[in-house]
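Structure incoming, see below.
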Amino acid sequence: MRSYVLFSLLMAPALAFANNCEVNVSAGDSMSFNVRSIDVPKSCKEFTVNFAHTGTASKAGMGHNWVLAKTSDVTDVAKAGMEAGIDKNYLPENDARVLAFTPLLGGGEKASVKFNPSIMKDGEAYSFFCSFAFHSFMMRGTVKLVD
Ligand SMILES: [Cu+2]
């Protein structure tokens, strides 16, 4: 098992383009993600988002995270996150509206989050965003469930 995990980690970059159950997302020292939309195939048992903060800013200065929610919940979740504060990753704790998330990252840090596409429903609109205070106005994109 251990060697399999190691193998997966070593091979992950090479397979990035072949594996559609995984996406690499990054953000630097500005309020923008490198992608605007993410397709999540229904056939994936698990979908992985590898998120990297490629800048040098501190977590408190220009931290970022990757959060999945229904588009209709983004504004309220971002507001609740701002109230929760940086120690809580700018996210309300144990909140069912937060479907998946990475911790808040500072420059040079990376984190991955996995979720089962079955948490997404056909016909519902989903978004990803950064919940750092005031970032969600600029830092957001769409997440689509696809065949
Ligand atoms: Cu951000």
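To the nearest µm²/s, what D does Stokes-Einstein give for the chain at 10 °C and 1.306 mPa s, using the Kirkwood radius over alpha carbon pairs as Rh?
Result for D is 102 µm²/s.
If packing is taken as the mean number of other Cβ atoms within 10 Å per residue, what is the order of 47-57, 24-34, 111-121, highest first? Write down the numbers at each step before the final one.
Numbers: 47-57: 19.4, 24-34: 16.7, 111-121: 14.5.
Listed from highest to lowest mean packing, they are 47-57, 24-34, 111-121.
Values in this text are rule-based calculations from the coordinates and carry no lab data. Every value quoted in this text rests on a predicted model; they were computed, and no experiment measured them. All Cβ positions, even for glycine, are placed from backbone atoms using ideal geometry, and neighbour counts span all protein chains on display.
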